[in-house]
Structure formats: structure tokens, C-alpha cells
Amino acid sequence: MRMCSIASGSSGNCIYIGTEATHLLVDVGISCKRTIEGLNQLGLTGNDLDGILITHEHADHINGLGVLCRKFGIPVYATGKTIAAIKKVSSLGEIDDSLFHAVKIDEKFILKDITVNPMKISHDAVCPAAYRFQHGKKRMAVATDLGMYDEYTVESLRGMDVLLLEANHDINMLQVGPYPYALKQRILGNKGHLSNVLSGKLLSRLLHDRLKAVFLGHLSKENNLAELAYETVRLEISMADNPYRADDFPIFVANRSELSRAAEI
């Protein structure tokens, strides 16, 4: 089972999850061309894709969906309300209705040899979801666009072998940055995005002996730095009340415009 970030950031998100038999994308917020180039670097083509899982309807998660679907006829999975919202986005163009498949929060479904389990997240979209994946005993999750986390979030993400977790912004950079006040409040709110500090605190509760890799994703171009996200999360792990240190786990920052290294288990 393999996870690789093709793109992750406030300007576009596209994550690959797959096995030898099954190839999936979580979100297509970048162009079809960039998506295919990323797949090609993984030794795949658009024809290899078995499904696209959409977390929510915001542009940085669906921008390339229309072209990709028309070109390759790939099934799209999202919550029913998210599908309805996607269909209203005129810039995507026509997408064959038969390609859409509605999923429900916390109801597992199977795509070939991968079991997918959507989970609820707190974000200002109609019905957003994060996704957990299982192949045999191997488990991965992609969880971004969380304004906050609670005990449900922690329990839902426990026991993952590989985790891509949002570390969107540095609070100080956001507060003194150029964004309008209302946008700052939206990002900082419970339906906004997870800060570096909160990402580190959440990750500290998810650490376990079998954790193979952590990707920090969905970094803001204006309100974060890769080094800052990395060091802040590591500091939170070091300060947390658990037996682990940051050096116990490989932690990587997913790039907004380049393929990350692949995590394979």
C-alpha cells in the first residue's frame, strides 16, 4: 500500500493512495495535466485510476475534476451533499452523472482491494469528509481542512500506519499577514483550518509504535513555511505527555507543487 502527495496546499490538493491492484486519488484540486504528470512519475496513467474521492467542494480540491472525468471516465465518490454542490460549479463543465457515487460518513465501502471509510470533519463546506483506507492490516488516512478536532477525530484516526494531516498555518503569520480580518477569523474558526500547533497536538495523540510515516499537508502559501510547520509539530510532540519523541517517526512536509516521497507499507 502506498501514499504519495502529488500536490498539497491552499492552492491545490491531490493525494494518491494505492496498491498493486487499486489506484485512487483523494481530491483533484490541480489541473488534469499536472495530475497526470504526477501519476506518470509514479508509473501510472489516468487510465489506471479506479476512483477519485472528493473531500469537499472548494476549488482547491476539485479544480481538475471535470477534465479528468471527461478524459478518463473515472468514478467519483463523495457525500451526497458534496456531489450536489459539485454539480453547481459551472467552471467544471459537464460531468457524466453516472460517474458520481454518494458515500455516507462512517459507512465503509470497498474499491477492489481497498476498504474506504469516510469520517466527518469540521470545515465550512456543505458536508465535508476525510478518508481512511485499509488493505489487509495496513491503514492510511488523509485528513485536511479541519477547523478543529475532538474525541471523534482522535478515535477515527487512531492506529494508522501512514497519516497525512493538515498543518495549514502559523497563527502569528496569519494574524499579522495581509488577509482581511473576516478571512483570518474564518481560517482560525472551528470550521476553518488546523494550525501548526493544533496539528502537533492532534498528532501527539495519534502516535503509536507502528506508525511508519506522517505527512504535514495543506500548508498555506501566505501564512506558513515548511520549516516552521515541521519544527512546530515536532515541538508539540516533544512537549506532549506521551512516551514518544519527534525523532521516533519520519515526518515530511508535503509540497504544493512537487511530488512528495512515497510512503510504502
Report the one residue of 85, 202, 64 whose Cα lies farthest in the direction of the positive end of the charge dipole of the chain (charges on C-beta: Lys and Arg +1, Asp and Glu -1; origin at the Cα centre).
85
If the cut-off is 24 Å between C-alpha atoms, which lysines fall inside it for residue 88, apart from same-chain ones fewer than 8 positions away?
33, 71, 104, 120, 191
What span do the alpha-carbon atoms of segment 126-227 cover on each of the three principal axes, reported in whole Å from largest to smallest?
47, 32, 19
Where the only charges are on Cβ atoms (+1 Lys, Arg; -1 Asp, Glu), what is the dipole of the chain about its Cα centre, to the nearest 20 debye?
260 debye
Among 208, 123, 218, which one shows the highest mean-square fluctuation when the chain is modelled as a Gaussian network with alpha-carbon springs under 10 Å?
208
Listed values (1) 59, 27, 17; (2) 30, 20, 17; (3) 27, 22, 17, entry calculated as semi-axes √(5λ) of the Cα gyration tensor in Å
(3)
With a probe of 1.4 Å, find how much accessible area segment 84-231 has per residue, and write the answer as a whole number in Å².
46 Å²
For residue 41 and residue 19, calculate 0.36 nm times their separation in residues minus their Cα-Cα distance, and state this gained length in nm to one decimal.
6.3 nm
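Given contacts defined as C-alpha pairs under 8 Å and at least six residues apart, what's the relative contact order of the chain, whole-number percent?
Relative contact order, the chain: 20 percent.
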Per-peptide average of other Cβ atoms within 10 Å, ordering 164-173, 184-193, 59-68 highest first:
164-173, 59-68, 184-193
Surface/4 estimate of mean projected area, convex hull on alpha-carbon atoms of segment 194-235, nm²:
3.0 nm²
For the chain, what does -39500 (n - 2.57) per DSSP helix run (n ≥ 4), summed and divided by total residues, give at 222 nm, in deg cm²/dmol to the nearest 500?
-7500 deg cm²/dmol
Is the C-alpha gyration tensor of segment 13-163 telling us rounded, prolate or oblate? Criteria: a/c under 1.5 is rounded; beyond that, a/b larger than b/c is prolate, otherwise oblate.
oblate
Distance in nm between label sites at residue 176 and residue 72, each 7 Å beyond Cα in the beta-carbon direction?
4.3 nm
Given the options 127, 42, 164, identify the residue whose Cα lies farthest towards the positive end of the charge dipole of the chain (+1 on Cβ of Lys, Arg; -1 on Cβ of Asp, Glu).
127
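Quick check on packing: order 30-39, 128-137 by the mean number of other C-beta atoms within 10 Å, highest mean leading.
128-137, 30-39
Once fully extended, how much extra length lies between residue 262 and residue 50, figured as 0.36 nm per residue of separation less the alpha-carbon to alpha-carbon distance?
On the way: separation 212, 0.36 × 212 = 76.32 nm, distance 1.91 nm.
In short, 74.4 nm is gained.
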Find, to one decimal place in angstroms, the Kirkwood hydrodynamic radius of segment 207-255, where the mean of 1/r is taken over every pair of different Cα atoms and then inverted.
11.6 Å
At what distance in nm do the modelled label points of residue 188 and residue 109 sit from each other, each positioned 7 Å from its Cα along Cα→Cβ?
3.9 nm
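The values are calculated or read from the model by the stated rules, or taken from the named source; none is laboratory data. Here the structure is a predicted model, which is why all the values come from computation and not from measurement. Note that each Cβ is placed from the backbone with ideal geometry, even for glycine, and that neighbours are counted across all protein chains shown. Surface areas here come from the heavy atoms of the whole protein model, side chains and all, with no ligands, DNA or RNA. Shrake-Rupley method; radii C 1.70, N 1.55, O 1.52, S 1.80 Å.
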